[in-house]
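One structure is given here, and the rest of the page talks about it.
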Amino acid sequence: MDRRRFLAAAAAPLVLGAAPAFASRHGGTPLALVTADLESAIVAVDLSTGRVHRRLATPADPRSIESVNGTGALVAHTASSRLTLIDSGLRVRSIEGRFEAPRYSAISPDGRFAYVTDSARHEVVIVDLRARRAIGRVPVGGPARHLSLDPRGRRLWVVLGNKSAEIAIVSLEHARGPRVIDRVRPPFLAHDVGYEPRGARIWVSSGDRNQLALYEDHGVRLVRTLASDAPPQHVTFSGGRTFVTSGDDAILRVYDRDGHLLRSAPVPVGSYNVQHGWGVVLTPSLSQGTLCILSQRGARIEQLRVARSSHDACFVMAR
């Protein structure tokens, strides 16, 4: 690893030389948690060194992982029909409840609840993270997969499949409990969805063509469509920018909030999912088993191989 290149590219408080001071102030070690899908494990990469910190044994098929406000992570084990919670001490704990094919998660702003899609049951499962158990279910009318929660924690956009003609909008503040209140039919078959941090716009990626769509949350209005790369694309947000990956085209694009392209960066083939946290962007490779770390400007900071196959990654501050 080239320490000077890492520091210069990141311009963030967590990477290498600056990270120990940050960790000291916040009382922990900044980690990227990466799924090792074929090895029943989560790999913890120390962002202050760029090296593997620890491997955590988990139930089979850790498919997706979502940060719980930076203090832990929720893991969906799709093939083994389980959820686990990794706490800040890197202990792996089971979540009670009936799951068939849990897929992806969104976390409430206060970190108390998780909303988990179950593609086999065609529903979103509500999980109490403090009690570590499922407490409710919302039927959504299709094989729910990717989802996104607005920053105020009031509504979810839920994509109903890998290539879905429809997105369900779930209200979490309805007087009679969470329920579907609207449906959106994007101009293509949708794959991923993401609320930008301000909550005013939602980005929808395609599962069947080289396009993206931007919606306004108020009135659910389509703002514009953008030419993009090979589907499926995935999206995340950091530093006022939008990051979109195409694993098949091995590319990451950086956009401003209006959809204007700012920068492109090569990433390993198979880098589908993308996450952000603490000033850097992560994209793991399903086919290469690598973790690629980029700055908020889209500059590659580091790349390392962590497993045979890595589907997802997230950020936590371990104690």
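Nothing in this text is a laboratory measurement; each read-out follows from the coordinates by a stated rule. Just so it is clear, the model here is predicted, and its values are computed rather than measured. Methodologically, a virtual Cβ is constructed for each residue, glycine included, from the backbone with ideal geometry; neighbour enumeration extends over all protein chains shown.
Order 138-151, 52-65 from most to least packed using the mean count of other Cβ atoms within 10 Å.
Working: 138-151: 21.4, 52-65: 19.0.
In decreasing order of mean packing, 138-151, 52-65 become 138-151, 52-65.
Taking every pair of distinct Cα atoms and averaging 1/r, then inverting, what Kirkwood hydrodynamic radius in Å comes out for the stretch 34-139?
13.7
Using Cα centres only, tell me the gap between the stretch 248-295 and the stretch 93-167 in whole Å.
A separation of 24 Å, based on Cα centres.
Among 258-271, 285-298, how do they line up by average Cβ neighbours within 10 Å per residue, starting with the highest?
Ranked by mean Cβ neighbours within 10 Å, highest first: 285-298, 258-271.
Provide, for q = 0.12, 0.20, 0.21 Å⁻¹, the log10 of I(q)/I(0) from a solvent-free Debye sum over equal Cα point scatterers in the stretch 150-280.
Debye curve over Cα of the stretch 150-280, log10 I(q)/I(0) at q = 0.12, 0.20, 0.21 Å⁻¹: -0.43, -1.17, -1.27.
Stick to Cα atoms and the Kirkwood definition of Rh, then tell me Rg/Rh for the chain.
Values: Rg = 18.1 Å, Rh = 19.3 Å.
Checking Rg against Rh, the ratio lands at 0.94.
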